[in-house]
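Rule-based calculations on the coordinates, nothing more; no lab input. Note that the coordinates shown come from a computational prediction; the quantities given were computed from them, not determined experimentally. Cβ placement follows ideal geometry from the backbone for every residue including glycine, while neighbour counts extend to all protein chains displayed.
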DNA sequence: ATCCAGGATGTAT
DNA sequence: ATACATCATGGA
């Protein structure tokens, strides 16, 4: 086992690990205390989080001004990639619109970083997200890893990587329904088959600009504009993407009514412009977390 | 019991 | 292009 740490003072704008990993943007991670998104979860500010990428296991916690990590390999490049440690959070925050809602969200969760998650796990997670709460989405992804993923040992614990497309393509619809996926089960299976068969892959969409990528992604089964936007933002690095979910839709009604245009594409462009064309998706993630956690009421 | 959750799909217009 | 019903499942 290798260990190390990243000094948070060296990260431009710092980091809030819990806000980053428990804001409903990434479903790649677990918590060692198994309390991810649980209502009775312990304070959690220094909880261990774990992830498996490319058969390497990493666990990390935020403590004493550091990101402390233990891993099967040097975790620093992995953390830098997944947690976007190279983003200048101060510079990004400076592009946020100066209104009460965005300002409050940044004051509450300063240090929240966008993630840079792998393509296929993000695609599946957000297919599963339809009409689901974040806690159950996370539980569904953990179940998929446990049932169909490859185990990796780290110290005395076993973690599981997200299943390869072939593994989910080979799963039966009944197997997936047993994990609580409901009507999303055939969506996940059919989309996994499309990726496994090479019908439409990350390579095909990564070369496209943002809106073209979003349109292409809707070719997957179970992927509409909103889920495609989540893949664009959290996996493909299109930081201007603003997924229009129920929370953002209501935020538009309450705070940006002039951005409501009656259809997804035009409303998306309007709110993107309002939030700033370069980092609209970054600011959106702060708003989503702020609104969803009810921090606005306290 | 009824409503809701990071919506998408099939069908009718 | 837009409007509508339908789709599982668990928690409040």
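Worth a mention:
- Pairwise alpha-carbon distances in the stretch A:130-198 exceed 18 Å for 39% of all pairs.
- For the stretch A:162-195 versus the stretch A:227-298, the gap between their alpha-carbon centres in whole angstrom: 28
- When peptides A:151-159, A:268-276 are ranked by their average number of other Cβ atoms within 10 Å per residue, the highest-first order is A:268-276, A:151-159.
- Hull shadow area, averaged, the stretch A:1-83 [alpha-carbon convex hull, nm²]: 5.5
- Compactness of the stretch A:93-170 is given as radius of gyration and Dmax, 17.2, 49 Å, from Cα positions.
- At 0.890 mPa s and 25 °C, Stokes D of the stretch A:95-138 from Kirkwood alpha-carbon radius, µm² per second: 189
- 16 Å tail of the calculated P(r), the stretch A:215-261, as % of Cα pairs: 45
- With Cα atoms defining each centre, the stretch A:89-152 and the stretch A:18-45 are spaced 11 Å apart in the structure.
- Once the mean of 1/r is taken over each pair of separate Cα atoms and inverted, the stretch A:1-145 shows a Kirkwood hydrodynamic radius of 16.0 Å.
- Once the Kirkwood radius over Cα pairs is known for chain A, the Stokes-Einstein relation at 4 °C and 1.567 mPa s delivers a diffusion coefficient of 66 µm²/s.
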